1. Scattering from the C-alpha atoms of the stretch 1-107 alone, worked out with Debye: what is log10 I(q)/I(0) at q = 0.11, 0.18, 0.22 1/Å?
2. For the stretch 171-190 and the stretch 24-84, what is the separation of their C-alpha centers, rounded to whole Å?
3. Sorted by accessible area (1.4 Å probe), largest first, how do V350, V32 line up?
4. Can you report the principal axis dimensions of the stretch 238-369 using only the alpha carbons, biggest first, rounded to whole angstrom?
5. Among L278, A56, L17, pick out the residue whose Cα is farthest towards the positive end of the charge dipole of the chain, where Lys and Arg carry +1 and Asp and Glu carry -1 on C-beta, about the Cα centre.
6. For the residue pair Q261 and I183, what label-to-label distance in nm results when each label sits 7 Å from Cα along the Cα-to-beta-carbon direction?
7. Which percent of the Cα-Cα distances in the stretch 376-426 go past 18 Å?
8. If you roll a 1.4 Å probe over the heavy atoms of the protein chains, what accessible area per residue do you get for the chain, in Å²?
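The values are calculated or read from the model by the stated rules, or taken from the named source; none is laboratory data. Since the structure is predicted, the reported quantities are computational estimates derived from the model, not experimental observations. FYI the Cβ positions are ideal-geometry reconstructions off the backbone, even for glycines, and counts take in every protein chain you see. What goes into the accessible areas is simple: the full protein's heavy atoms, side chains included, and nothing from ligands, DNA or RNA. Shrake-Rupley method; radii C 1.70, N 1.55, O 1.52, S 1.80 Å.
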Amino acid sequence: MRLPQLGDLDPLSRTALEAARRAAAPAPIYAVGGYVRDLLLGRRNVDIDLVVEDDAIAVAGRLAHALKAVVTPHPRFGTAHLRLPDGRRLDLATARSERYPHAAALPEVQPAPLLADLLRRDFSINAMAARIDRHRFGPLIDSLGGLQDLERGRIRALHEQSFIDDPTRLFRTARFEGRYRFIIARSTLRLMKAAVKGGAIGHLAGSRIFRELHLVAQELSAPRIIWRLRNLGVLTAVHPTLTLPAAAFGLLERVRQVLSQAPSLPLPENAAEGEALLLGMLYLLHPKTVITVLKRLTPPHRIAERLAADHKACRNAAQKLTRAVDFRQSRIARLLDPLSPEARVVLLAVLTKGSARDAVSRYVTTSWRIVPLLKGEDLHRLGLKPGPIYRRTLAALRAARLDGRLHTKEEETSFVLQRFVRGRLRH
Ligand code: ATP
Ligand code: MG
């Protein structure tokens, strides 16, 4: 494994790295962490991690100007975050060492040489650096054996206190293990188990745990990572009621499967994948347990509300569908229209086979698009007075179209005339 030439990178990365070198000069600047790891693996990673032995916030300001990026400084940690015009992220940090005032606290940091900065990192594979020189990377800086671990596919923590200082690393280990199909070094696994047993996670702020779970949920191998966390006792350490039953694994795998067919599903944005997985993880738990777990995790308010509402709505829809005999598309629409796209994904994963699944699948892939041909102004022309009746009429039209009872504008018109204009009082 070796680092590529700068010239072999995509043009935008190369431009960003060369601009970073100029912004830091005469201080040297280094590519580091996950970015170097993925360059060595030849794996696409659009997030660039950089370190300078200088004031990173000042360098970031100059770099943001050169790249027309938006910069967010974090003075407490001597870091800055850039969002480049094409959406990718660049993290710039002052080389630093850390001290944890107590277990699971946010660290106190102070400027330090690059080698100390590498030593404060989580795993050897994430603790390599390479100076950015003109047109090329300098030699790999690997004083902690990261390259050998990377070649062997091994995740190794850097010191005994690692998981106690920062228990989010428990999640990170499982995440890298699942993502790269690496092995966790035996000594590291021992440290992890001891940290879990010793109650390290109890000290961790809920929002930090949620952030880690959300990152896990976005991985392609999220099901196996979540399962690993469950088997290590990490999830019950988060909250004793977060006990996933055996069936949860299969469900998570099916959620992933449904998501991989997503191009044909109306999924609005990427971020939804993570939330669908989280919903899948919580699905089999009792609604009261979900509320308790969410209280512990304190996700952003909007996400907490949506997860709780989706959980309820999704279970409710699944229950109705398993008992149903009427699978007309209009009925499926009534059950599914209030569901978020993530809840629909989970519902599809819950319904493994049968008429309910076929009907739901047909709805989420095609029928959901069906709307009446008539619009509000057509109803007006037909003599309906504007008011709530419009919504009801359009809903009835849509239901009839969904069930294949109406096809043309003429049919819709006579449907409205018969049921809503002449016979208005009947409804
Ligand atoms: P990903 O590919 O998921 O972004 P990453 O390794 O790049 O993984 P980031 O969160 O982007 O992770 O962090 C960048 C680098 O910062 C890591 O590679 C690691 O060196 C260091 N780092 C991040 N989080 C921690 C942590 N909790 N403890 C120690 N070092 C960390
Ligand atoms: Mg990263």
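1. -0.35, -0.87, -1.20
2. If we compute the Cα centre of each part, the gap is 26 Å.
3. These residues rank, largest area first, as V350, V32.
4. 41, 31, 24
5. L278
6. 3.7 nm
7. Taking all Cα-Cα pairs of the stretch 376-426, the fraction more than 18 Å apart is 20 percent.
8. For the chain, the per-residue accessible area is 48 Å².
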